[in-house]
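Here's the structure we're looking at; comments come further down.
Each reported figure results from applying straightforward, stated rules to the coordinates on display, with no laboratory input. Everything quoted here is computed from the prediction, not taken from an experiment.
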Amino acid sequence: MCKKQEYLKSLNPKKSEKHILLFGKTYKLWREGKYLGEAIWTKDDNVGDSFQTQFTDEKGRVINQVYIADKWMLII
């Protein structure tokens, strides 16, 4: 694994926090008190389990955006 992947995975929620997160569910996210938006808790071998959204750019490419949050709330 490259250093960038290791670094990104280190920023994700720790194992002790992951037991409350549900894959495929949408969460509201915050980092250092700033609201980031909504993202889905996703299983990703590349960057590790993480909050992500997907969008298509102006060239038609699908982009995965990864959020690093320190607080989250499940949207019911």
Query - Residue-span extension gain [residue 21 to residue 57] - 0.36 nm each, minus C-alpha spacing - result: 10.1 nm
Report summary line: Excluding residues fewer than 8 positions from residue 3 in its own chain, the aspartates and glutamates with Cα under 17 Å of it are 44, 45, 49
